[in-house]
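Each remark here refers to the structure printed beneath this line.
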Amino acid sequence: MDKRVLLVEGRDDQHVMWNLLGVREVPEKFKVERPKADRDSQHDHENEADGGDRVLLDSIPWWLLQTGLERLAVVVDANDKGPEARWESLRARLLYQGYRDIPARHSEDGTVFELSLRPRTPRSVRFGVWIMPDNRSTGMLEDFVMQLIREDDEMLPFVDRFLDLIPDGQRRFKKQHRPKARIHSWLAVSEKPGRPMGQAIKADRQLDANDPAVQPFLDWLMEVLIADGNNSDA
């Protein structure tokens, strides 16, 4: 069992993290994992009825029971429900499992706290939650990646115009999935059409992994998974 884990919703999220962390040269002191149910599935998590967020939230208690775990950071989409509703859903799962002293509200900087594992064990786990895209807004990972598109990019306005011109009755994607349609449409007309988000972060000249919008996320990641500090054994 890896002692430090960054838990994300699915394969796309995993590749985005691998490439972003690689470009930003974040120390490799943790593993980027996705829920076991998603790894075992023959289908992409986005095709599941309730989406990857449900699978991820349901898997958190399992991760907390793993021997040797010291730190667990969770990245989950706010979607159209918003960050407060997402936090309440996650918090309710932890309370149902018997965990206590969980913050009532989610921090706009990303929540980090020591989660006691009592009565199962006297140990605690440093536990963190980042709600995509920025802990404040509705949206998802794709909105986060969109922030990395350079301001002088000339293709994005054409993509937005195309999406705006699709009549409601002929739009094949759900309204809340517009960010997915937006980023993938943009990628489809980039230098290498159809390049996945993760690869694009590393290789597309119009995506800037050093954009200031990334820094709050990296600061949270450093605090929950990398910064020095010992878990309490009391």
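The values are calculated or read from the model by the stated rules, or taken from the named source; none is laboratory data. Since the structure is predicted, the reported quantities are computational estimates derived from the model, not experimental observations. Virtual Cβ from ideal backbone geometry, glycine too; neighbours counted across all protein chains shown.
Details
- When the residues of segment 103-119 are filtered to those that are out of contact with any Asp or Glu (no Cβ under 7 Å at 6 or more places or on another chain) and within 22 Å of GLY68 (Cβ to Cβ), the one that is modelled with the lowest pLDDT is PRO119.
- Residue list for segment 24-40, filter: at pLDDT 70 or above and of a type in the set (Asp, Glu): GLU25, GLU28, GLU33
- Restricting attention to segment 114-166, the residues that are within 25 Å of LEU72 (Cβ to Cβ) and of a type outside the set (Asp, Glu) total 28.
- Across segment 179-221, the number of residues qualifying as surrounded by 15 or more Cβ atoms within 10 Å (Cβ to Cβ) and under 17 Å from PRO157 (Cα atoms) comes to 12.
- For segment 9-32, a residue qualifies if it is in contact (Cβ under 8 Å) with a residue 24 or more places away in the chain and more than 18 Å from ALA203 (Cα to Cα), and the qualifying residues are GLU9, GLY10, ARG11, PRO27, LYS29, PHE30, LYS31, VAL32.
- From VAL159, VAL224, VAL189, residue being within 24 Å of VAL112 (Cβ to Cβ) and among the aliphatic types (A, V, I, L, M): VAL224
- From the options LYS175, LYS180, residue that is over 27 Å from VAL23 (Cα atoms), charged (D, E, K, R) and within 24 Å of the chain's Cα centre (by Cα): LYS175
- Of everything in segment 41-83 that is modelled with pLDDT under 90 and not in a helix (DSSP H, G or I), the residue that is nearest to ALA104 (Cα to Cα) is ASP50.
Residues checked against (1) of a type outside the set (Val, Ile, Thr); (2) touching a Phe, Trp or Tyr at 6+ places or on another chain (Cβ under 9 Å); (3) farther than 24 Å from MET17 by Cα:
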| site | (1), (2), (3) |
| --- | --- |
| LEU72 | yes, yes, no |
| ARG105 | yes, yes, yes |
| LEU117 | yes, yes, yes |
| ARG120 | yes, no, yes |
| PHE127 | yes, yes, no |
| TRP130 | yes, yes, no |
| ASN135 | yes, yes, no |
| GLY139 | yes, no, no |
| LEU148 | yes, no, no |
